[in-house]
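Have a look at the structure below, then the notes.
The values are calculated or read from the model by the stated rules, or taken from the named source; none is laboratory data. Being a predicted model, the structure only gives us computed values, none of them experimental. Because the Cβ atoms are built from the backbone with ideal geometry, glycine has one as well, and the counts that use them run over all protein chains shown. Heavy atoms of the whole protein, side chains included, go into the accessibility calculation; ligands, DNA and RNA do not. Shrake-Rupley method; radii C 1.70, N 1.55, O 1.52, S 1.80 Å.
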Amino acid sequence: MAVTLSESTSRGRLARQPSSTKRRDAPSRFGTAWAVVMATVASLVIVLPLIWMIATSFKPEGAIVTSHPSLFSSKLILSNYSGAWSAIDMPRLLLNSTIFAGGATVLSLTFDSLTAYALARLDFPGKNVVFVLVLITLMLPFQVNLIPLFIELTNFHWINTYQGLILPRATNAFGIFFLRQFFLSIPNELEDAARVDGAGDLRIYRSVMLRLAAPAVLTLGLFHFMYNWNDLLWPLIISSNSSMYTLASGLALFTGQHVIEYGLVMAGATMAIAPMVIAFLLIQRRFVESIATSGIR
Amino acid sequence: MARQKLRSRLWYPWSTRMRRRRTLTAYLFMLPSLAVLGVFMFYPLIRAGWLSLTNYSFFGGSRFIGLLNYRNLIHDPQFWRDLVNTLYYAGVVTPVSVILALALALLLNRKGLPGRGIFRAAIFLPAVVSFAVSAIAFRFMFTPSIGFITYWLAQIGINVPDWLDSVSFAMPAVILVGIWKNVGFYMVIFIAGLQTIPKELYEAASIDGATRWRRFVNVTIPLLSNTTMFVTVISLIASLQAFDQIYVMTQGGPAFSTETLVTLVYRQGFQNFQMGYASAIAYVLMALVLILSLFQLRFFSRRTVKY
């Protein structure tokens, strides 16, 4: 997909001629101004809830619960953050989210890439069966497994444990599919050269495939991390003890129980989304491009 | 494929022992993933099918009851109400998101638009933040005493009740949040689709005297049809699984007006502990998603449009 994309754009660029058609296609100044206005309005409407969330996290309760709600308050305070730190136990939630999302990402990248290597570069009986199984997994809504998984993990005594949270997420069908496509595109010559040098499969996997696929692996890692960091339903079901809640489940449950402390909750929410927002702003170009070409979230 | 065979022959002498070793290597590479998929995916999937044929309750016993759960489902007004809610949600979120996303993609794909990257990033931002956490902000924003939505609407003369407490307004609120979450994501896919359309086609159309609108209708729309179908299908699949913002904002209420199939599975399975019955609902949900997924696969594989 990425290849087709760049091919057709460069083809288009080559064919573009500075002829009379250019004048007709050239955007008018009025049109551009209008487009900027529209884009500004759309962007503001979309970002508004997040801005409101951040603004509210700095307001005293008196400025939040009012008959004339406004976006910004004249008085800004930081105590919501210290309050959230102790009342919602943010350090614990941050730690749990990091262990859950980080653990699932590291394991999943390792397992996905090993399987993708076998499916893309090795020849063995049953290959098509395995690949079809991966495709089926890709299509299943994970809610179907929720109940039996809960029963299974209860029998393992894994409810409220990190392994219970992480291991069912230790491989991802999309990751296998995504990396398989990437490994298929790596030229055989590189692999052949390594084999002449006496490299085995494990070394080819590590020093040829993973090295060449490093950008794809990093992007996939980011998706895995984001998916687990943001997930609500799975952590909600697998942890019933507040010491095991993640940011999403912990904040959602806290909001259900204590609706009075709006400022506190918004401070917690701001801290919960900050890592993803910062990561996204730092590497947005690659992020958006890879989403566009793969169609995953 | 033939080349792959030839290569194998070059590097691996064609002996049974070597072939066996190669197969062993491949399965060792796949062992961790296959173990995880087997234990946490395929076994539970089959178990869910079995559970749906029993009256399993988490604290009580379990007895095989055949298709009784499914028969009860057909006569259960809750199930039908939640199915209708789910279709209502999907039926609004999908067309609105797709059209908005396409409009935004066209706007932000404009040549020479200043600040294009910033606009794209801003509109895409909801796709990277936690849906559950941002839904908390929305829940507060819709609450009259603290949020500005009701207040601002009242300022311009539109009086609405407390959205999340109203049977007729809770679903639109949940829908708005659903659109907010995904529109930027779909926009980005549309932008990628727009960029695959060769510029020559627009130039040719211009030379033939086609207006901007004619070029949109006769070039953009047909060449983007695959992307549009793809986005529509993934949006429908995501809509059928709506849960996060509903759990945070309304818990399925008021009076079950925002309860969808996934929230029903959650309530029956993890609050009422009727896990056999909940598994039957989950299997119906899976059937719906699988049908759509088969479509998705078709459009995914055909995403490179032939000109």
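Quick one: which of B:Gln245, B:Gln241, B:Gln271, B:Gln296 is free of Cβ contacts under 8 Å to residues at least 12 places away in the same chain and either facing chain A (nearest Cβ under 10 Å) or not basic (Lys, Arg) (or both)? Let's see the steps before the verdict.
On the way: B:Gln245 fails: free of Cβ contacts under 8 Å to residues at least 12 places away in the same chain; B:Gln241 fails: free of Cβ contacts under 8 Å to residues at least 12 places away in the same chain; B:Gln296 fails: free of Cβ contacts under 8 Å to residues at least 12 places away in the same chain.
From the options B:Gln245, B:Gln241, B:Gln271, B:Gln296, the qualifying one is B:Gln271.
Suppose the filter is under 21 Å from the mean Cα position of the chain (by Cα), closer than 17 Å to B:Phe138 by Cβ and part of a helix (DSSP H, G or I); does A:Ala216 pass it?
In short, no.
Within the range A:206-229, which residues are under 18 Å from A:Leu165 (Cβ atoms) and open to solvent by 50 Å² or more (accessible area, probe 1.4 Å)?
Listed by number, the residues that qualify are A:Phe225, A:Tyr227.
Which residues, counting only those in the range B:227-261, are in a helix (DSSP H, G or I) and under 19 Å from B:Asn72 (Cβ atoms)?
B:Leu261
In the list A:Leu264, A:Leu251, which residue meets the criterion of being in a helix (DSSP H, G or I), of a type outside the set (D, E, K, R) and open to solvent by 10 Å² or more (accessible area, probe 1.4 Å)?
A:Leu264
Taking B:Ile149 as meeting all but one of (1) buried (at least 23 other Cβ atoms within 10 Å of the Cβ); (2) under 20 Å from A:Thr255 (Cα atoms), write down the number of the exception.
The one condition B:Ile149 does not meet is (1).
Those residues that are among the charged types (D, E, K, R), closer than 19 Å to B:Tyr266 by Cβ and part of a helix (DSSP H, G or I), I need them from the range B:46-79; list them, please.
Initial filter on the range B:46-79 (among the charged types (D, E, K, R)): B:47, B:63, B:71, B:76.
Next cut, closer than 19 Å to B:Tyr266 by Cβ only: B:47, B:76.
Listed by number, the list holds a single entry, B:Arg47.
Collect the residues in the range A:71-81 that are over 14 Å from A:Tyr262 (Cα atoms) and open to solvent by 40 Å² or more (accessible area, probe 1.4 Å), keeping them in residue-number order.
Of everything in the range A:71-81, those that are over 14 Å from A:Tyr262 (Cα atoms) and open to solvent by 40 Å² or more (accessible area, probe 1.4 Å) turn out to be A:Phe72, A:Ser74, A:Lys75, A:Leu76.
Residues that are within 24 Å of B:Leu83 (Cβ to Cβ) and away from every other protein chain (no Cβ under 11 Å): list the helices (runs of 4 or more DSSP H) wholly contained in the range B:126-210 that include at least 1 such residues.
Helices (runs of 4 or more DSSP H) meeting the threshold: B:170-195.
Could you tell me which of the residues B:Thr232, B:Thr143 is within 26 Å of A:Ile260 (Cβ to Cβ), among the hydroxyl-bearing types (Ser, Thr, Tyr) and surrounded by fewer than 22 Cβ atoms within 10 Å (Cβ to Cβ)?
Numbers: B:Thr232 fails: within 26 Å of A:Ile260 (Cβ to Cβ).
Answer to the check: B:Thr143.
Pairs needed: first member in the range B:16-36, more than 9 Å from chain A (Cβ to nearest Cβ); second member anywhere, modelled with pLDDT under 90; C-beta distance under 7 Å; at least 6 residues apart or different chains.
That search, which allows pairs on different chains as well, returns B:Met18/B:Tyr12.
All but one of (1) in a helix (DSSP H, G or I); (2) of a type outside the set (Gly, Ala, Ser); (3) at pLDDT below 95 hold for A:Ile166; state the number of the condition that does not hold.
(3)
Name the residue that is nearest to A:Ile278 (Cα to Cα), counting only residues in the range B:105-121 that are touching a residue at least 60 places away in the same chain (Cβ under 8 Å) and open to solvent by 20 Å² or more (accessible area, probe 1.4 Å).
Looking at the filtered set, the residue picked out is B:Arg120.
Filter the range B:161-187 for residues that are touching a Phe, Trp or Tyr at 6+ places or on another chain (Cβ under 7 Å) and at pLDDT below 90 and give the result.
Result: B:Pro161, B:Trp163, B:Leu164.
What are the residues in the range A:143-187 that are under 20 Å from A:Phe131 (Cα atoms) and among the aliphatic types (A, V, I, L, M), if any?
A:Ala170, A:Ala173, A:Ile176, A:Leu179, A:Leu184, A:Ile186
Which residue, of A:Gln181, A:Gln143, A:Gln163, is under 26 Å from A:Ser240 (Cα atoms) and more than 8 Å from every other protein chain (Cβ to nearest Cβ)?
A:Gln163
Across the range A:47-66, what is the total count of residues that are within 8 Å of chain B (Cβ to nearest Cβ) and either over 17 Å from A:Ala274 (Cα atoms) or not hydrophobic (A, V, I, L, M, F, W, C) (or both)? Write out each step before concluding.
Within the range A:47-66, the subset within 8 Å of chain B (Cβ to nearest Cβ) is A:47, A:49-50, A:52-53, A:56, A:64-66.
Next, only the ones that are either over 17 Å from A:Ala274 (Cα atoms) or not hydrophobic (A, V, I, L, M, F, W, C) (or both) stay: A:49, A:56, A:64-66.
Looking only at that region, the number is 5.
Give me the residue from the range A:112-121 that is open to solvent by less than 10 Å² (accessible area, probe 1.4 Å) and facing another protein chain (nearest Cβ under 7 Å) and, out of that set, nearest to the chain's Cα centre (by Cα).
A:Asp112
Only one residue in B:Val93, B:Val98, B:Val84 is part of a helix (DSSP H, G or I) and open to solvent by 30 Å² or more (accessible area, probe 1.4 Å), so which one is that?
B:Val84
Residues are listed down the side, and each one gets a yes or a no for (1) closer than 13 Å to A:Phe178 by Cα; (2) buried (at least 22 other Cβ atoms within 10 Å of the Cβ); (3) at pLDDT 95 or above:
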residue: A:Ala104; (1), (2), (3): no, yes, yes
residue: A:Thr110; (1), (2), (3): no, no, yes
residue: A:Asp123; (1), (2), (3): no, no, no
residue: A:Asn128; (1), (2), (3): no, no, no
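All but one of (1) within 26 Å of B:Gly38 (Cα to Cα); (2) among the hydrophobic types (A, V, I, L, M, F, W, C); (3) touching a helix residue (DSSP H, G or I) at 6+ places or on another chain (Cβ under 7 Å) hold for A:Leu190; state the number of the condition that does not hold.
Going through the list (1) within 26 Å of B:Gly38 (Cα to Cα); (2) among the hydrophobic types (A, V, I, L, M, F, W, C); (3) touching a helix residue (DSSP H, G or I) at 6+ places or on another chain (Cβ under 7 Å), A:Leu190 breaks only (1).
Can you pull out the residues in the range A:49-70 that are open to solvent by less than 60 Å² (accessible area, probe 1.4 Å) and out of contact with any Leu (no Cβ under 8 Å at 6 or more places or on another chain)?
Within the range A:49-70, A:Pro49, A:Met53, A:Thr56, A:Ser57, A:Pro60, A:Ala63, A:Ile64, A:Thr66, A:Pro69, A:Ser70 meet the criteria.
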